[in-house]
Structure formats: C-alpha cells, structure tokens
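Engineer: Here's a structure for you.
The values are calculated or read from the model by the stated rules, or taken from the named source; none is laboratory data. Source: prediction; values computed, not measured. We place every Cβ from the backbone using ideal geometry, glycine too, and count neighbours over all the protein chains shown. We work out accessible area using only protein heavy atoms, side chains counted, and drop any ligands, DNA or RNA first. Shrake-Rupley method; radii C 1.70, N 1.55, O 1.52, S 1.80 Å.
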Amino acid sequence: MTTPVQETKTAHVGMVGLAVMGSNLALNIERNGYSVAVFNREVERVGEFVRKHEGKRFVGAESWEQFVHSLERPRKIVMLVKAGDPVDWTINQMKPYLEPGDILIDGGNSHYLDTARREQELKKDGIYFIGSGVSGGEKGALEGPSLMPGGDREAYEKIRPVWESIAAKVDDGACVTYIGPGGAGHFVKMVHNGIEYGDMQLIAEGYDLMRRVLGMSAAEMADVFGEWNRGELESYLVEITAKILSVKDPETGQPLVDLVLDKAGQKGTGRWASELALELGVPIPTIDAAVDTRNLSSRKEERADAARTITAPAAAKFEGERGELVDAIRDALYAAKICSYAQGMNLIRAGSDHYDWKIDLGETARIWKGGCIIRARFLGKIKEAYARKPDLASLLLDPDFNARLSQAQSSWRRAITVAVGAGVPVPAMTASLGYFDTYRTAELPTNLTQAQRDFFGSHTYERADRPGAGAVHTEWEELLESQRGSQG
C-alpha cells in the first residue's frame, strides 16, 4: 500500500488518530488555515483520508518517524486515541523522534491523574504535554468544540492561536481558556461529563413523567421540549430531545425513541467524578444518581424480572390540569439542574484548591456556552454569579439563582410527589431536592449520628452549647445507668 506523501511540506499541526473525532478535528484545524500532518495506527486509513480530502492541506505519513519529521518545530501533535494504555503506547511510538520543546496534546477523555503523570514523565526530556478536554461530539469537533486545555502555561501559549481558531465562538469570545497546570484540563472535562450525566438523567425523568403519568405521545412531548428550548431551559440537550422525539422509525412508523432499548452506556468519566467527589468530600448526589441509574439500566433482564415480581403502586389516573403538571415538571427540571451545576462547580473548586490549580469558575462556565454537550442559556447566569462573587460558596446562594429556586420550589415538590405516588422513578430530581433541603437546613439530625458514633466507637463530639471548646466524649451507658439510679 502506498500512502500519498508530500515530504517537501512541513505541516503546522500533527493529528494522530483518524476515527470520527480525530478526522473532524483535523478538518476543523485545516479549515482554519493550518496544514495538518495525519497519521493512524492502521496506516491504510491515512491514504484513504488524504485521498478523500484531496486539495486540502493534509500531509500523509507512512511511519511514525516520517510523521514526526513532517512537522515544523516546535512540533504540535494532537492525539485523539482511546484513553488509557493506547495513549501511553502512542507517546512511546513518537518519543524517539521528538525533541525538547515539542508539544503533545491529548484530546481524549483521559483520567486527569494519567495526564499529570504523563506531563511529569515527558518534562524530564523537555517535551511538553497538554491534556485538553474536547467537548461537543463529532459535530463539535468539526464545527467548533469547547476546549479545556491544561498543562504548562508556556506550552499552551504556543498552541493558543490554533485552539482559539478552532473553538466554538459565542458572544464573549472563543470557547477555550487555559484551565490550569498539570491535569487541570482533563479534570474539568471529567466534571463537565459528570454534569452532562446529571443533565441527561434529569431530562429523561421529565420525559418519563409526561409519558407515564400524563400519557403524552412522543409528538406531544416533542412540542413541549421544543417550547422549553425557547425559554430558560434552552440548551443543546433539550434541543436534541425535541428532535429525537419527532423522529419516526421508517420500518414501523412508530416513534423511533420507543424502539431504543433502555440500556444506557457510559465511558467512565461520570464514575470518575463520583469517585473523586467521595475522596474530596464534595456531595454531588444528582450526578451520583445519574451514574447509578445508568448502572441499573444495564441490568435489563433483572429489572424485567423484578417488574413481574414486585408489586407496583396501583395505577391511578392523574387528577388535575395537565398543563399545570407539565409546567411543574419544567420548573422541577430547571431547579434540579441548578443544583446539579452547583454540585459540579463545587467539585471543580475543591479539586482546584486541593491541587492549587487556581481554576476560574466563571471562565469555565463561559467556555461551556458554546460547542459542548452541556451548552445552555443559563451558563451565562453562572458566569455572572461568579463575576459578582468569585468566592461564591454555592450557586444556591447567588441572589438570582436563589430567587428562581424559591419560585420553583412548590412546583418542584409537586412534580416529585406525583412521581413518587405513581411509582415513577425520579432519582436525580429527588437527589437534587434532597441536596437543596439539606443545604438550606441549619440544624441537621446528624447530631444523633455523631452521638451514635461516640456511643459505639468513642469518636467524640463537640457540644453545640459550648462552641470552640473542643471535642468531648461521653460514657453514654454509664451516664444512663447513673441517671436511672438517681431517679429510682
């Protein structure tokens, strides 16, 4: 096999990995004025790609050595390969031909700790490594994604013109910013994906309530989501939900969504967010609920057996105005969404504090306004909230979000009450409400929890009536016996 090779050309950027994401990102880079050297583990794909895009500024290579040597220095090489071992393998293939000052950019969904490790290992040889989140799916990669680069600041400045040119554009600039050193970029992308899990689950629960409680057809729900997308819930995920519900299966004429098996896949980033939140002690119950629901959805056969075995609530016809419940579901979705984003932003802050990354939360929200899967109108409000108060402890405390949550509370509770009564699972909506109620409660029943811990494990506690006095321990049974004795 002979791959078209133009050895006299020196390309501006290299792209390793010509699956859909890599191919589309390469096309995006080329469209914005840069020549691109391309390479793929299956070399025959290189020739196919170059021939398909004949006339464009692509340079194909037949070997790793030829690929690296076809790039101008300092070399800027983007890798879009499967996360994990394939990234390390790819780096090792190129490393013998790299030189100090060259820049490797991992655009996949790598774990941020792997990214931090790779950066440190390559730094010993003077090679820069940038872990850049790329959000927006295959369409975003082609037309303009949201980009979340982290690593050495000096190295980022060298790729910044490329990254700013290919990123999505919104009213206040390109959807890219330097996130921070080390694995900060992939960390933020991981949390972004966790928020995405929560968003998708909340939308699915709203859909399920309309479908199962109100008996709405797919076409009717498509109209509702279309209307919501013209208001405060305007977002990419609400937009595509309306489109999905409008599509009919060409074979049966049924709504195609009804023929999609209810087993949701996942690539691990949501689970990583949940694991890290536990390590850092940051509650993200809405995102956790979304991860748990995907895990439960994979047990299709077990759930089908449970449906036949476990008694469900007696089906009761909904009594009330249908439009009012639809509005309540809308408010519940918006309020729960605010809580989910509050959890995600708090997790980013905790990670930033833990690793001393100094991540700008307002700027992070800004770059999500376009290109990415979670792009939404209300991200502008999040940016404004952090502009007003950069050290804002929670979005729930921002005056604008607080006012909207207060307005939505009764509808939010009503939607969940209807769901619980009908036996329709709404774990993410309920988790958001539980988070909200717990956060706004000054005195929690954990005084009893701490007393129990001290009773069985001598874990000590602090007295509420003696603030700052330090930890104390009580011999609860001895005290109880003495009090009983004195009463006798």
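Engineer: Let me confirm something: among G468, G485, G434, which residue is assigned to a helix (DSSP H, G or I) and modelled with pLDDT under 95? Give the derivation first.
Structural biologist: On the way: G468 fails: assigned to a helix (DSSP H, G or I); G434 fails: modelled with pLDDT under 95.
Among G468, G485, G434, only G485 is assigned to a helix (DSSP H, G or I) and modelled with pLDDT under 95.
Engineer: Another question about this same structure. Could you list all residues from the range 330-351 that are over 30 Å from Y207 (Cα atoms) and open to solvent by less than 10 Å² (accessible area, probe 1.4 Å)? Walk me through it before giving the result.
Structural biologist: Looking only at the range 330-351, we keep the residues that are over 30 Å from Y207 (Cα atoms), and these are 349-351.
Passing the criteria: only G351.
Engineer: Within the set of pairs 6+ apart or on separate chains, which have a first residue in the range 411-438 that is closer than 22 Å to L296 by Cα, a second that is among the acidic types (D, E) and open to solvent by 30 Å² or more (accessible area, probe 1.4 Å), and C-beta atoms under 8 Å apart?
Structural biologist: These pairs meet every condition: P427/D292; A431/D288.
Engineer: Any residue that is under 25 Å from E234 (Cβ atoms), in contact with an Asp or Glu (Cβ under 7 Å, 6 or more places away or on another chain), part of a strand (DSSP E or B) and open to solvent by 10 Å² or more (accessible area, probe 1.4 Å) - is there at least one of those in the range 124-138?
Structural biologist: Scanning the range 124-138 turns up no residue that is under 25 Å from E234 (Cβ atoms), in contact with an Asp or Glu (Cβ under 7 Å, 6 or more places away or on another chain), part of a strand (DSSP E or B) and open to solvent by 10 Å² or more (accessible area, probe 1.4 Å).
Engineer: Can I ask one more? State which residue pairs qualify: first residue closer than 10 Å to L80 by Cα and inside the range 97-116, second residue crowded, with 18+ Cβ neighbours inside 10 Å and hydroxyl-bearing (S, T, Y) in any location, beta carbons under 6 Å apart, and separation of 6 or more residues or different chains.
Structural biologist: Between residues of the range 97-116 that are closer than 10 Å to L80 by Cα and residues that are crowded, with 18+ Cβ neighbours inside 10 Å and hydroxyl-bearing (S, T, Y), the close pairs are I105/S132; G107/S132; N109/T269.
Engineer: Just need a number here: residues in the range 139-174 that are assigned to a strand (DSSP E or B) and surrounded by fewer than 24 Cβ atoms within 10 Å (Cβ to Cβ). Before you say what the answer is, go through the steps one by one.
Structural biologist: Within the range 139-174, the subset assigned to a strand (DSSP E or B) is 146-150, 169-170, 173-174.
Next, from what is left, pick out any that are surrounded by fewer than 24 Cβ atoms within 10 Å (Cβ to Cβ): 169-170, 173-174.
Of the residues in the range 139-174, 4 are assigned to a strand (DSSP E or B) and surrounded by fewer than 24 Cβ atoms within 10 Å (Cβ to Cβ).
Engineer: Go through the range 31-76 and give me each residue that's over 30 Å from E154 (Cα atoms), surrounded by 14 or more Cβ atoms within 10 Å (Cβ to Cβ) and not charged (D, E, K, R).
Structural biologist: V43, V46, G47, F49, V50, H53
Engineer: Do you know which residues across the range 147-165 are of a type outside the set (G, A, S), within 12 Å of S132 (Cβ to Cβ) and more than 21 Å from the chain's Cα centre (by Cα)? So that I can check it myself, show each step before the final result.
Structural biologist: The initial filter retains those residues of the range 147-165 that are of a type outside the set (G, A, S), namely 147-149, 152-154, 156-164.
Narrowing further to those that are within 12 Å of S132 (Cβ to Cβ): 147-149, 156, 159-160, 162-163.
Answer for the range 147-165, where residues must be of a type outside the set (G, A, S), within 12 Å of S132 (Cβ to Cβ) and more than 21 Å from the chain's Cα centre (by Cα): Y156, I159, R160, V162.
Engineer: With the condition kept exactly as written, say whether any residue in the range 419-431 is in contact with a Phe, Trp or Tyr (Cβ under 8 Å, 6 or more places away or on another chain), assigned to a helix (DSSP H, G or I) and open to solvent by 70 Å² or more (accessible area, probe 1.4 Å).
Structural biologist: No: zero hits.
Engineer: Which residue pairs have Cβ atoms under 6 Å apart, sit 6 or more places apart or on different chains, and have a first residue in the range 455-475 that is in contact (Cβ under 8 Å) with a residue 12 or more places away in the chain and a second that is surrounded by fewer than 11 Cβ atoms within 10 Å (Cβ to Cβ) and among the aliphatic types (A, V, I, L, M)?
Structural biologist: T460/A471
Condition check ((1) surrounded by fewer than 22 Cβ atoms within 10 Å (Cβ to Cβ); (2) over 19 Å from the mean Cα position of the chain (by Cα); (3) more than 30 Å from G320 (Cβ to Cβ); (4) among the small types (G, A, S)) across all residues:
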{"residue": "D356", "(1), (2), (3), (4)": "yes, yes, yes, no"}
{"residue": "R375", "(1), (2), (3), (4)": "no, no, yes, no"}
{"residue": "A385", "(1), (2), (3), (4)": "no, yes, yes, yes"}
{"residue": "L392", "(1), (2), (3), (4)": "yes, yes, yes, no"}
{"residue": "L396", "(1), (2), (3), (4)": "yes, yes, no, no"}
{"residue": "R404", "(1), (2), (3), (4)": "yes, yes, no, no"}
{"residue": "S411", "(1), (2), (3), (4)": "yes, yes, no, yes"}
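Engineer: Looking at D88, is it closer than 21 Å to G137 by Cβ and open to solvent by less than 60 Å² (accessible area, probe 1.4 Å)?
Structural biologist: No, not satisfied.
Engineer: Here's a follow-up. Tally time: how many residues in the range 367-383 are touching a Gly at 6+ places or on another chain (Cβ under 8 Å) and in a helix (DSSP H, G or I)?
Structural biologist: Residues that pass the stated criteria total 2.
Engineer: Go over the candidates L214, L261, L296, L233 one by one and state the one that is of a type in the set (A, V, I, L, M, F, W, C) and part of a helix (DSSP H, G or I).
Structural biologist: Working: L214 fails: part of a helix (DSSP H, G or I); L261 fails: part of a helix (DSSP H, G or I); L233 fails: part of a helix (DSSP H, G or I).
Being of a type in the set (A, V, I, L, M, F, W, C) and part of a helix (DSSP H, G or I) holds for just one of L214, L261, L296, L233, which is L296.
Engineer: If G362 passes every condition in (1) closer than 25 Å to I416 by Cα; (2) open to solvent by less than 30 Å² (accessible area, probe 1.4 Å); (3) without any contact (Cβ under 8 Å) to a residue 60 or more places away in the chain but one, which one does it miss?
Structural biologist: Exception for G362: condition (1).
Engineer: Output the number of residues of the range 284-306 satisfying the condition of being of a type outside the set (D, E, K, R), farther than 19 Å from M200 by Cβ and open to solvent by 80 Å² or more (accessible area, probe 1.4 Å).
Structural biologist: Taking the range 284-306 as the starting set, the residues that turn out to be of a type outside the set (D, E, K, R) are 284-287, 289-291, 293, 295-298, 304, 306.
Narrowing the set further to residues that are farther than 19 Å from M200 by Cβ leaves 304, 306.
Keeping just the survivors that are open to solvent by 80 Å² or more (accessible area, probe 1.4 Å) gives none.
Here the count works out to 0.
Engineer: So is I244 hydrophobic (A, V, I, L, M, F, W, C) and open to solvent by 80 Å² or more (accessible area, probe 1.4 Å) or not? Lay out the reasoning, then the answer.
Structural biologist: Values: hydrophobic (A, V, I, L, M, F, W, C): yes; open to solvent by 80 Å² or more (accessible area, probe 1.4 Å): yes.
In short, yes.
Engineer: Shifting gears a bit: If you check I287, I240, I244, which single one turns out to be in a helix (DSSP H, G or I) and in contact with a Gly (Cβ under 9 Å, 6 or more places away or on another chain)?
Structural biologist: On the way: I240 fails: in contact with a Gly (Cβ under 9 Å, 6 or more places away or on another chain); I244 fails: in contact with a Gly (Cβ under 9 Å, 6 or more places away or on another chain).
Just one listed residue meets the conditions, I287.
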